[in-house]
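Novice: The structure follows.
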Amino acid sequence: MTELSKRDVRRALVRYHFAESADVFSAVTKLKSVQFDPLAPVGCNHDLVLQSRVPHYKIGDWMKDAYQDRSIYDGWDKMACLLPMDSWPLHRYFHHLFQPRFEKKIFTDHADAVQAILSEIQNRGPLQPKDCRFQQRREDWKQSWFGPSVAKNTMRALWHTGQLMTAGRKGGQHLYDLTERIVPSKLRAIKELPLKDAQHQLFLDRHLALGLLRPSAAFEVWSGTALYYDRKEGIAKLLDENHIVPVEVEGAKANATHEFLKLLDLPSLHPQVRFIAPLDQFMWDRKLIRHLFDFDYCWEVYTPESKRKWGYYVLPVLYGDQLVARVEFWARKGELEVRQWYEESSDLPPHFWQELQLALRRFMHYSSTHRISVLDHIPPKAKAFFLAVSSHGSGTASKP
């Protein structure tokens with residue numbers, strides 16, 4: 001087993017994840033998937049993932065790749081994700097997993113809805129559930145995830161099983177079309193892998209996406225039941241085929257890709273400040289992050305307000321190869337509001353504040369904001385710094 005130091009691993013991990021990608025497609029391809037989440041205090045999770053990697057990225061830039069160029073698409077991986085279109089043949093694996101879930105509820109009990117909706121989309125083109133002529137309600141579904149609309153539930157079942165795809169969005173909501181009108185024929189013609197072979201590739205993709213991954217990483221990292229319960233067998237096969245290498249990082253056992261190990265001898269990236277998305281691949285294995293960076297992170301959006309320690313939508317702040325702070329932003333009507341700010345150390349170096357100013361400028365471009373406001377409870381020195389960045393325009397703000 002290869003023994004590694006935390007310091008070397010931190011340096012390599014930051015380079016593995018945050019060496020710049022040329023564009024959205026390159027970033028999504030490298031990450032294998034980007035988790036989609038609709039909450040948008042300052043762009044959505046997928047926007048935040050991309051802004052930390054793609055120069056000059058702005059909120060919503062991904063939509064051109066998804067709905068015009070069709071180089072990426074909405075699909076299922078860890079959860080709902082943006083995926084490279086070329087990975088669609090592999091991700092048919094999830095279509096098979098979802099089929100039993102909807103077999104009776106939709107495909108048997110509401111076969112009429114399935115037929116009517118598919119026919120309507122065929123004839124009318126992309127539709128949202130509310131636009132379908134077929135409309136029924138099931139009051140006993142009122143408390144379910146997709147509510148009482150039979151059309152909405154049917155379209156989601158067809159989406160999960162690969163018969164419909166997202167052609168675009170209106171008001172953030174899916175606009176559904178037939179899969180054959182979204183996926184190129186050359187991809188649809190590719191022979192499906194046996195389920196075990198597809199699963200094997202997905203295990204490899206998990207490791208390639210993260211670079212370093214513990215076998216005991218959380219349930220959701222492995223797409224829940226899709227991969228979690230078979231991970232020991234899957235990881236053993238990857239090790240046997242030398243796709244990954246077992247390592248120990250000062251007491252923590254993990255497996256590393258060869259691509260990751262090649263970075264261990266390279267110098268650190270220039271120490272920029274980056275605001276990290278809560279569901280970024282970099283943060284997926286929270287226990288490993290805590291071990292490597294001494295940074296305990298919890299995304300508290302679903303935590304009752306009275307029990308939150310940090311805040312609703314707090315982002316880790318990366319500086320070089322250290323997680324040094326936490327920040328919560330809200331962007332509305334051209335204003336970037338700082339709602340929370342916590343420093344992990346009281347002795348951040350002067351260069352950090354210089355880099356933070358540059359990062360704020362990039363983030364304001366990303367969020368199309370032109371001024372910064374700060375809530376009253378933010379520590380006075382930090383508050384003064386943020387306001388100075390706002391008031392100095394392209395000038396220089398002094399460190400606190």
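The values are calculated or read from the model by the stated rules, or taken from the named source; none is laboratory data. Bear in mind that the values here come from a model prediction, so they are computed numbers and not experimental data. Note that we place each Cβ from the backbone using ideal geometry, even for glycine, and neighbour counts take in every protein chain shown. For the accessible areas, the whole protein counts, side chains as well, though only heavy atoms, and no ligand, DNA or RNA atoms are used. Shrake-Rupley method; radii C 1.70, N 1.55, O 1.52, S 1.80 Å.
Novice: Under the classification rounded if a/c is under 1.5, otherwise prolate if a/b is larger than b/c and oblate if not, where does the stretch 259-397 fall, given a ≥ b ≥ c as square roots of the Cα gyration tensor eigenvalues?
Specialist: Numbers: a/c = 1.76, a/b = 1.22, b/c = 1.44.
Oblate is the answer for the stretch 259-397, as a/c is 1.5 or above yet b/c matches or exceeds a/b.
Novice: Can you tally the net charge around residue 248? Count Lys and Arg as +1, Asp and Glu as -1, for every other residue whose Cβ sits under 12 Å from the Cβ of residue 248.
Specialist: Details: positive: 6, 214, 253; negative: 3, 250.
Net charge in that neighbourhood comes out at +1.
Novice: Of the labelled options [x] 2.44; [y] 1.23; [z] 1.05, which one gives Cα Rg over 2.2 N^0.38 Å as computed for this structure?
Specialist: Among [x] 2.44; [y] 1.23; [z] 1.05, the one calculated here is [z].
Novice: Can you tell me the accessible area per residue over the stretch 337-384, all protein chains present, probe 1.4 angstrom, in square angstrom? Walk me through the numbers before you get to the answer.
Specialist: Details: 2530 Å² over 48 residues.
Heavy-atom SASA per residue in the stretch 337-384 reads 53 Å².
Novice: Another question, then. Return a whole-number percent for the relative contact order of the stretch 169-326, with Cα pairs under 8 Å and 6 or more residues apart as the contact set. Don't jump to the answer; show the numbers that get you there.
Specialist: Values: 150 pairs, mean separation 28.8, N = 158.
With pairs under 8 Å counted, the relative contact order is 18 percent.
Novice: Hey, another quick one. Rounded to the nearest whole Å², what accessible area per residue is found for the stretch 168-283 with the 1.4 Å probe?
Specialist: Working: 5400 Å² over 116 residues.
For the stretch 168-283, the solvent-accessible area averages 47 Å² per residue.
Novice: Calculate for the chain the 222 nm mean residue ellipticity that helices alone would give, adding -39,500 (n - 2.57) per DSSP H run of length 4 or more and normalising by residue count, nearest 500 deg cm²/dmol.
Specialist: Values: 14 runs with 141 residues, N = 400.
Calculated mean residue ellipticity at 222 nm is -10500 deg cm²/dmol.
Novice: Let me ask something else. If I stretch the segment between residue 39 and residue 109 completely, what's the gain in nm (0.36 nm per residue apart, minus their alpha carbon distance), one decimal? Present the calculation step by step, with values, prior to reporting the outcome.
Specialist: Values: separation 70, 0.36 × 70 = 25.20 nm, distance 3.29 nm.
Gain in length upon complete extension: 21.9 nm.
Novice: For the chain, give the percent of accessible area contributed by carbon and sulfur heavy atoms, probe 1.4 Å, rounded to a whole number. Display every interim value, and only then the final one.
Specialist: Values: 9530 of 18510 Å².
With neighbouring chains kept in place, the figure for the chain is 51 percent.
Novice: Find how much the distance from residue 201 to residue 130 grows on full extension, using 0.36 nm per residue of separation minus their present alpha carbon separation; answer in nm with one decimal. Kindly include the intermediate steps, with their values, before the conclusion.
Specialist: Working: separation 71, 0.36 × 71 = 25.56 nm, distance 3.75 nm.
Once the chain is fully extended between residue 201 and residue 130, it gains 21.8 nm.
Novice: Any chance you could check the Cα centroid distance between the stretch 1-67 and the stretch 69-125 for me, in angstrom?
Specialist: When both Cα centres are located, 26 Å separates them.
Novice: If I stretch the segment between residue 181 and residue 346 completely, what's the gain in nm (0.36 nm per residue apart, minus their alpha carbon distance), one decimal?
Specialist: Length gained between residue 181 and residue 346: 53.8 nm.
Novice: Give the relative contact order (percent, whole number) for the stretch 62-209; include only Cα pairs under 8 Å separated by 6+ residues.
Specialist: Numbers: 167 pairs, mean separation 35.8, N = 148.
Reported as a whole number, the value is 24 percent.
Novice: Only Cα pairs under 8 Å and at least 6 apart count here; give the relative contact order of the chain as a rounded whole percent. It would help to have the intermediate numbers written out before the result.
Specialist: Values: 640 pairs, mean separation 69.8, N = 400.
For the chain, the relative contact order is 17 percent.
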